[in-house]
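Colleague: This is the structure, below, for whatever I ask next.
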Amino acid sequence: MIDIADMTSPEIKEAIENGYKTAVFAVGSNEQHGPCLTVSTDTILGDVLAYNVAEKLGNALKAPTINVGCSEHHMMFPGTITLRKETLHMVLKDYVTSLARHGFKKIIILPSHGGNFAPLQEVSKELKAIDQNVDVVAYTDLIGFVDYIMATSTDLGVSKEDSGAHAGEAEVSMMMYAKPSSVREELTGDAKGYIGAFDEEATQKIFTHGIAALSPIGVLGDPKQASKEHGERYINDLTDAIVEYINSK
Ligand SMILES: [Zn+2]
């Protein structure tokens, strides 16, 4: 049992005393994900990733995913809820402070939504300064995160453009695997979004003008080739890559 949300306080105390001194949590979002995926997508994928990473690291517990993040660039689509970056900074500080007070010695923070990487980077120094005895590892490499996913797409024979950075083949596949009831499978053949390169220029455009500037349906990629099998591969490869990153820190 490694998910704090499913454990009692005495069970958590015992786990920490028995050496489970690492806590892992994701920073998700509640935002539009095109016509095929529910707005909870990044939170659900964050839950799965944080759980898998904690399991693979060993001696680690998964703490609750932060369910809303910085999604101003999706606000033109109904259902999106966004935090100001200052709010997210404060929530992150309170999370780290709380976990540190219970005796965790390493705290790993994994954004599962593109808009959370920069705010996490901005506050990471302050998070590391909260407790000298606690090692805070903030995963802040958005381009690296996308590159991991693209490496799997290439292996699977899906183009980077279709795989996409938001609600494309990669995310739809991962959701088919992680939570099928959040996928509108009958719409995946007709949800092609922006299929240009996801580079600095595209990222800049999204964060300045909103995602609709690239795709009127809010999709980066094309989910037509999505499958549960692909989803399992994406999630396993991503878990391995993140664990490798953490172990190199
Ligand atoms: Zn997403």
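The values are calculated or read from the model by the stated rules, or taken from the named source; none is laboratory data. Treat the numbers as computed from the prediction; the structure is a model and nothing was measured. Don't worry about glycine lacking a Cβ; one is built from the backbone with ideal geometry, like all the others, and counts go over all protein chains shown. Surface areas here come from the heavy atoms of the whole protein model, side chains and all, with no ligands, DNA or RNA. Shrake-Rupley method; radii C 1.70, N 1.55, O 1.52, S 1.80 Å.
Colleague: Roughly how many percent of the accessible protein surface of the range 4-247 is carbon and sulfur, given a 1.4 Å probe and a whole-percent answer?
Modeller: 50 percent
Colleague: May I ask which of K85/K160; K56/K179; K106/K179; K21/K85; K13/K106 have a Cα-Cα span longer than 18 Å here? Present the calculation step by step, with values, prior to reporting the outcome.
Modeller: Numbers: K85/K160 30 Å; K56/K179 21 Å; K106/K179 29 Å; K21/K85 28 Å; K13/K106 16 Å.
Among K85/K160; K56/K179; K106/K179; K21/K85; K13/K106, the Cα-Cα distance tops 18 Å for K85/K160; K56/K179; K106/K179; K21/K85.
Colleague: Please work out the average accessible area per residue across the range 4-247, using the 1.4 Å probe convention, and give it in Å². Intermediate results must be reported in sequence, preceding the final value.
Modeller: On the way: 10940 Å² over 244 residues.
Using a 1.4 Å probe on heavy atoms only, each residue of the range 4-247 averages 45 Å².
Colleague: Convert 20 °C to kelvin, take the viscosity as 1.002 mPa s, use the Kirkwood radius over C-alpha pairs of the range 116-160 as Rh, and evaluate the Stokes-Einstein diffusion coefficient in µm²/s, rounded to a whole number.
Modeller: Calculated translational D: 172 µm²/s.
Colleague: In degrees from 0 to 90, rounded to the nearest 10, what is the angle of the helix 169-178 Cα long axis to the longest principal axis of the chain?
Modeller: It is inclined by approximately 50 degrees.
Colleague: Can you give the net charge of the other residues whose Cβ lies under 14 Å from the Cβ of G69, counting K and R as +1 and D and E as -1? Display every interim value, and only then the final one.
Modeller: Working: positive: R84, K85; negative: E31, D42, D47, E72, E86, E122.
For residues surrounding G69, the net value is -4.
Colleague: Express in whole angstrom the spacing between the alpha-carbon centres of the range 1-54 and the range 77-142.
Modeller: Distance between centres, Cα-based: 14 Å.
Colleague: So how long is each side of the chain along the principal axes, counting just the alpha-carbon atoms, biggest first, in Å?
Modeller: Taking the Cα atoms of the chain, the three principal extents are 52, 35, 31 Å.
Colleague: Using just the alpha carbons, could you tell me how many Å³ per residue the convex hull of the range 34-98 encloses?
Modeller: 94 Å³
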